[in-house]
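The values are calculated or read from the model by the stated rules, or taken from the named source; none is laboratory data. Since this is a predicted model, take the numbers as computed values, not measurements. Every residue, glycine among them, receives a Cβ derived from its backbone with ideal geometry; neighbour counts consider all protein chains shown. Surface accessibility is based on the protein's heavy atoms, side chains included, excluding ligands, DNA and RNA. Shrake-Rupley method; radii C 1.70, N 1.55, O 1.52, S 1.80 Å.
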Amino acid sequence: MKKTNKTREWLVNARKNEKISLLALSKKIGLAYPSAYKIENGKTLNIKPETIGIFAETLNISLEEAVEIEKETGEKLKKLVLLDPSKVKNDIF
């Protein structure tokens, strides 16, 4: 059986570009480390739009880009993740 890579590469790359560890990122955004780990490693398949927004803001990537990439990731994981950038409120940051 072939093992599939479920890692959210967009999240790993954005985090590395900002030179921040997953532990430091989880503390910065107020998310428990195990939850951040599960999201980054694809163990959590559906991410709330608000959570995508928090990651995007903290990692200095556009919300639209993060949502589009996450949709593609969801499709690759054979789980369609329906995200709508309009559901993310600017006042959550």
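Every residue, every condition in (1) modelled with pLDDT of 85 or more; (2) open to solvent by less than 50 Å² (accessible area, probe 1.4 Å); (3) in contact with a Lys or Arg (Cβ under 6 Å, 6 or more places away or on another chain), yes or no:
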{"position": "Leu63", "(1), (2), (3)": "yes, yes, no"}
{"position": "Lys79", "(1), (2), (3)": "no, no, no"}
{"position": "Pro85", "(1), (2), (3)": "no, yes, no"}
{"position": "Phe93", "(1), (2), (3)": "no, no, no"}
I'm trying to understand the selection: among the residues of the stretch 53-72, which are in a helix (DSSP H, G or I) and under 16 Å from Thr7 (Cβ atoms)?
Phe55, Ala66, Ile69, Glu70, Glu72
Return the pair list, or none, for Cβ contacts closer than 6 Å from residues in the stretch 4-31 that are under 14 Å from Ala66 (Cβ atoms) to residues that are part of a helix (DSSP H, G or I) and of a type in the set (Ser, Thr, Tyr), at least 6 apart or on different chains.
Arg8/Thr73; Ile29/Thr58
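Scan the stretch 26-51 for residues that are open to solvent by less than 90 Å² (accessible area, probe 1.4 Å) and either of a type in the set (Gly, Ala, Ser) or over 15 Å from Glu9 (Cβ atoms) (or both) and report the count.
Restricting attention to the stretch 26-51, the residues satisfying the condition of being open to solvent by less than 90 Å² (accessible area, probe 1.4 Å) are 26, 29-32, 34-36, 39-42, 44-45, 47, 49-51.
Now drop any that are not either of a type in the set (Gly, Ala, Ser) or over 15 Å from Glu9 (Cβ atoms) (or both), which leaves 26, 29-32, 34-36, 42, 44-45, 49-51.
Total satisfying the criteria: 14.
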Looking for something in contact (Cβ under 8 Å) with a residue 40 or more places away in the chain and more than 18 Å from Glu72 (Cβ to Cβ) - is there at least one such residue anywhere in the stretch 37-44?
no
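Residues in the stretch 43-59 that are of a type in the set (Ser, Thr, Tyr) and within 13 Å of Lys28 (Cβ to Cβ): how many?
Just the residues of the stretch 43-59 that are of a type in the set (Ser, Thr, Tyr), to begin with: 44, 51, 58.
Adding the requirement that they be within 13 Å of Lys28 (Cβ to Cβ) leaves 58.
Total meeting the criteria: 1.
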